[in-house]
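A.B. asks: I'd like to ask some things about the structure below.
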Amino acid sequence: MAGHQAARLFRKREHPHQASALELFFDLAFIFALNLLTRRLFDNLSWINLLQTLILFAGIYWIWIATAWSTDWYNPNEPVIRGLVLSVMFVGLVMSAAVPTAFGPHGLIFAGAYVFVHLGRGALLLSLLRGHPLQRRSLLVAIWFAVSAVPWLVGAFVPGTARVVLWLIALGIDYGIAWLGWPTPWLGKVPDENLRNVGEHLSERYQQVFIIALGEVVLVNGLAYASTGIRPATTVAFALSFLTVVLLWRGYLVPGGLRIGGILDQNRPRMAVSVAFCHAVVLAGALLTAVGNEVLITEPTTGADERWVMLIVGGAALFLVGRFMFHVAVFRRLPWPGLVGLGILGGLVPVLLRLPPIGVSAITSVALAGAIAVDILLIRRDERSDEDD
């Protein structure tokens, strides 16, 4: 396709900035993946399975991110781009179906699907953009996905710890090289102007994926409550789980979860990558929260166990860490109440290890609510000071 013909594939500034129906449809695959990830973690509450589940989540999330960026750069209403997104969705569903046994017999299906998505998309775009200056961007990105394909695929053929290590290396390549701008020997890196985003669109996509994650928490917790029976203890546990969801939602919106479009529009490509990283941590926190709340509802007064702390406190801690990263990267502010909340949770771990799930959840919710509430008050005080100035 000649360069002037390839130009029609790109998203123009005058195109609608809202997410398209195709993108919302694509998100159904991510919902499916999140559900299988929560099932996998709940069925085996161990530290090694937590690590493995987070590795699988990171791979699936990077598929979602790459697709979000693709529909930000290219016009999703173009038939070939629509076909690309639907193809990625199908392969992503196959990849997600392998989640329960990805560290067993179906590792090659998971890794193979991941590699196929990224290299297949790269091959298609290189063909479509022949003669266009932005073909170089697709080339550099494809080269690095080919590099990371080696540990992904080799890891699929080795068991146990070796697979964990190789897949962590692969993720380090994929995430790290994106942060650096895909620098390639003899070819340079992708120029900043070639990574420009439509801020309003990408901001909306990040919000949507976070709401999807909260939806998974609500779904998992609601099903757990319905299946265990409506009793006083489970009702209190369900109320605590709902409070946690509300706190995550409220904490995400403050100070500007809905107002980062303008920042992303400032041609700061590393900012878009930073926001992607922050959301990865926040979403991982929501994933742990979903499973932790399920344990809370099904076994609210069961004896103390470090696994309850791992999930319930870990989910809140990951959310606060991701939120801290987000505020520092995007708003250039230090949300110290979140750090205090993390410190309090860390200091209380010896006590929490002796409590049943309902006690762990209650204390964690108080710490999380306090951190978010204080931060909101500080932000409002700063906003009033700015208005007075």
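The values are calculated or read from the model by the stated rules, or taken from the named source; none is laboratory data. Treat the numbers as computed from the prediction; the structure is a model and nothing was measured. Here the Cβ positions follow ideal geometry from the backbone for every residue, glycine too, while neighbour counts run over all protein chains shown. Accessible surface is based on the protein model in full, side chains and every heavy atom, while ligands, DNA and RNA are left aside. Shrake-Rupley method; radii C 1.70, N 1.55, O 1.52, S 1.80 Å.
A.B. asks: Taking helices (runs of 4 or more DSSP H) that fall entirely within region 89-186, which contain at least 3 residues that are touching a His at 6+ places or on another chain (Cβ under 9 Å)?
C.D. replies: 135-156
A.B. asks: Return the residues of region 81-127 that are under 16 Å from A170 (Cβ atoms) and open to solvent by 50 Å² or more (accessible area, probe 1.4 Å); say none if nothing qualifies.
C.D. replies: L108, I109, F116, L119
A.B. asks: When residues of region 187-205 are filtered for being open to solvent by less than 30 Å² (accessible area, probe 1.4 Å) and assigned to a helix (DSSP H, G or I), how many remain?
C.D. replies: Qualifying residue count for the region: 6.
A.B. asks: Considering only region 310-345, how many residues are at pLDDT 90 or above, exposed (fewer than 15 other Cβ atoms within 10 Å of the Cβ) and β-branched (V, I, T)?
C.D. replies: 0
A.B. asks: Among the listed residues R307, R354, which satisfies the condition of being among the charged types (D, E, K, R), surrounded by fewer than 19 Cβ atoms within 10 Å (Cβ to Cβ), at pLDDT 90 or above and more than 22 Å from L202 (Cα to Cα)?
C.D. replies: Going through R307, R354 in turn, just one is among the charged types (D, E, K, R), surrounded by fewer than 19 Cβ atoms within 10 Å (Cβ to Cβ), at pLDDT 90 or above and more than 22 Å from L202 (Cα to Cα): R354.
A.B. asks: Pull out all pairs, ordered by first then second residue, where Cβ-Cβ is under 7 Å, the residues are six or more apart or on different chains, the first lies in region 138-155 and is within 12 Å of W167 (Cβ to Cβ), and the second is open to solvent by less than 20 Å² (accessible area, probe 1.4 Å) and acidic (D, E).
C.D. replies: That search, which allows pairs on different chains as well, returns S148/D174.
A.B. asks: Further question on the same structure: For region 19-40, enumerate the residues that are among the polar types (S, T, N, Q) and buried (at least 21 other Cβ atoms within 10 Å of the Cβ).
C.D. replies: Listed by number, the list holds a single entry, T38.
A.B. asks: What about I260, is it modelled with pLDDT under 80, open to solvent by less than 10 Å² (accessible area, probe 1.4 Å) and in contact with a Phe, Trp or Tyr (Cβ under 8 Å, 6 or more places away or on another chain)?
C.D. replies: yes
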